[in-house]
Amino acid sequence: MAGRIRSEDVALVRDRVSVADVIGEHVTLKSAGGGNLKGLCPFHDERTPSFNVTPSRGFWHCFGCGAGGDAISFLTQLEHLSFGEAVERLAAKAGITLHYETSEGRPSSSRGKPGQRQRLLAAHAEAAQFYAEQLSTPGAQLARQFLTGRGFDQNAAQAYGCGYAPDSWDALTKHLRTKGFTNEELTLGGLAKPARSGSLIDRFRNRLIWPIHDITGDVIGFGARRLAEDDNGPKYLNTPETPLYKKSQVLYGINSAKREIAKRGQVVIVEGYTDVMACHLAGVPTAVATCGTAFGSDHITVLRRLLMDTDTFGGEIIFTFDGDEAGQRAALKAFADEQRFVAQTFIAVSPGGMDPCDLRMHSGDAAVRDLVAGRERLVEFALRSTIGNYDLDSVEGRVAALRATAPLIAQIKDRSLRPGYVQWLAGRLGEDVDTVRKWANAASKREAPPTHPAARATAVSSPQRMAEREALKLALQYPQLAGPYFDQVDAEYFDDPLHSVVRAGIGTAGGAGTSPGGANWIASITDACPDLAAAALVAELAVEPLRLDTEPDAFYVNTTMATVQRPKVERQVTGIKSRLQRVNPQTDQDEYMRLFSELVTLEQRLRGLREQVSRGV
């Protein structure tokens, strides 16, 4: 069993390795004067940089969270390595040969067994080389055709390490075994998987391969594109979750783009591997893409550190989504996430909704650069997309559009921009600026909006609106408690159009009673809301406190749902009574009796709702 690393070697690693270079792989550092550097702390969320590095002493310290140490401790804390693994990693980069001691303190002639992470990284590096070599074989013809068909020549394929997984069950597995890697290591690293027979087979077969690097440049996983028409697997298949590969944190192209991101204060978020390649080759070297998952909070954390995203150094986040409905939903989710950025967020949508790779093929490199240069502020895109869902030629349509867009203006984090967007929205809707401002202010304070001057008769009353909001909050935050009552009340009982859309989205997501709650529940409802403003409202209601000082119970849920239903049932009763007045019981007895029976049922139901509401007051 390997002993500990000799103390003299550890000291040599500390002397030879630059703490600024090690940290600079993960955090953008800027001069803080006196030879010190400063950046955003990777160990806690902050808007003002409190993470300090002193290269002359080889030390770092965060005045925000209190963490500190040298280059070795930085890696142990950031990447959860053992002390030995961190030393081995730094020594390998610095070209230092390590020596190990036995338990008796004597020098060991053996270098010792590397840590698990180092072994997995070595296996992935060997796999990447194997795949790259396979790309030139006769069996990889379809893979080469795919690349050339999308505008990537041999040099581009080599630059991005593109490869080919042979049409064989275990070609990579056999190769890695000859290099000394064990079945357990191949399985743990996601490079191979057990077959039904019990033998080990390759995870990727007959697919075009992209190596996925972490921010330091190490290969930690692979993305694989289907080539054969008879391949029943997914179009794109990624490495599963492993000790190296965490898809919620991985950004394809980050190792190549990180220096330009820090230099330009800009990052371009695209959707796929070929889009990253196309952008980089076209002169947009700040492009990155997520790998098999939506852009989320962990990705934001990585980018904020690189952008030096602070009140002083805020940059630009540019999303390239399609202009279709799915792209609009993704854009709204990004707009909700932008509250975590200090930087301004933009969206770039190409003519015809082409992605950057298709755009480069169709119109050349300059078109890709023009796409990014012609970016539009994300808030403006969200407002335009939302307005497009309503008929602005009618009073009802303008009121509904104002109701839907006022919360978006309220979410603009830079308050100095809000007046300008109030004027912009007023112009688009043909409304008075003061009216739009009042609605935006009400949304900002989470109050009921003022009654629209031209639609007072149709405005939703404040108590009713609050009850609807409370019902939706219960379904979002306490689905198992609310489900038995909430799921019985259809979207038609929600008078607010936006509330009705969210209620329908909850139904599409499976209903509150089927969910254990949590982030996945909220995400499923957001995805089920086709309306951008409704999806934004989901994010708002998921965290808005209930109008209750204690934990809700079944009685509170039942009372809330009764309050929601009562106005519609009251209108139904009034409508039936009016129709009964117009039906002659002598000549149209069947219709009269049908309506009378319906009225009796509705009045009985209304009494029950009123009693429930009165008990809850």
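For every residue, the table says whether it meets (1) under 28 Å from Pro240 (Cβ atoms); (2) assigned by TED's automatic domain parsing to the domain that holds Tyr160; (3) in contact with a Ser or Thr (Cβ under 7 Å, 6 or more places away or on another chain).
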position: Gln266; (1), (2), (3): no, no, yes
position: Met277; (1), (2), (3): yes, no, no
position: His280; (1), (2), (3): yes, no, yes
position: Thr286; (1), (2), (3): no, no, no
position: Ala294; (1), (2), (3): yes, no, no
position: Ile300; (1), (2), (3): yes, no, no
Residues (outside any helix (DSSP H, G or I) and touching a Leu at 6+ places or on another chain (Cβ under 7 Å)) located in the range 228-274:
Thr242, Pro243, Leu244, Gly265, Val267
Check the range 498-521 and report whether any residue there is at pLDDT below 85, crowded, with 19+ Cβ neighbours inside 10 Å and either of a type outside the set (Phe, Trp, Tyr) or closer than 23 Å to Arg384 by Cα (or both).
no
Would you confirm whether any residue within the range 268-284 is on the phi > 0 side of the Ramachandran plot and surrounded by 19 or more Cβ atoms within 10 Å (Cβ to Cβ)?
no
Looking at (1) assigned to a helix (DSSP H, G or I); (2) over 20 Å from Asp527 (Cβ atoms); (3) at pLDDT below 90, find the lone condition where His299 falls short.
(2)
Per the filter on the range 190-213, residues farther than 18 Å from Ala143 by Cα and touching a residue at least 60 places away in the same chain (Cβ under 8 Å) are Leu191
Just the residues that are of a type in the set (S, T, N, Q) and either in a helix (DSSP H, G or I) or touching a Ser or Thr at 6+ places or on another chain (Cβ under 9 Å) (or both), please, taken from the range 390-417.
Thr405, Gln411, Ser416
Quick one: is Val288 at pLDDT 95 or above, farther than 30 Å from His44 by Cβ and crowded, with 22+ Cβ neighbours inside 10 Å?
no
Quick test for you: out of Val557, Val569, Val564, Val600, pick the one residue that is touching a Lys or Arg at 6+ places or on another chain (Cβ under 7 Å) and not in a loop (DSSP other than H, G, I, E, B).
Val569
Residues in the range 486-497: is at least one in contact with a Lys or Arg (Cβ under 6 Å, 6 or more places away or on another chain), farther than 30 Å from Ser597 by Cβ and either of a type outside the set (Ser, Thr, Tyr) or without any contact (Cβ under 8 Å) to a residue 60 or more places away in the chain (or both)?
yes
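So that you can scan it fast, the table gives a plain yes or no per residue for (1) closer than 13 Å to Val22 by Cβ; (2) buried (at least 16 other Cβ atoms within 10 Å of the Cβ); (3) modelled with pLDDT under 85; (4) touching an Asp or Glu at 6+ places or on another chain (Cβ under 7 Å):
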{"residue": "Pro42", "(1), (2), (3), (4)": "yes, yes, no, no"}
{"residue": "Thr54", "(1), (2), (3), (4)": "no, yes, no, no"}
{"residue": "Gly58", "(1), (2), (3), (4)": "yes, yes, no, yes"}
{"residue": "Phe63", "(1), (2), (3), (4)": "no, no, no, no"}
{"residue": "Asp70", "(1), (2), (3), (4)": "yes, yes, no, no"}
{"residue": "Leu78", "(1), (2), (3), (4)": "yes, yes, yes, no"}
{"residue": "Leu81", "(1), (2), (3), (4)": "yes, yes, yes, no"}
{"residue": "Glu85", "(1), (2), (3), (4)": "no, yes, yes, no"}
Among the numbered criteria (1) in a helix (DSSP H, G or I); (2) under 42 Å from the mean Cα position of the chain (by Cα), which one does Met593 miss?
(2)
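The values are calculated or read from the model by the stated rules, or taken from the named source; none is laboratory data. This is a predicted model, so every value here is computed, not measured. Ideal geometry is used to build each Cβ from the backbone, glycine not excepted, and the neighbour counts take in all protein chains shown.
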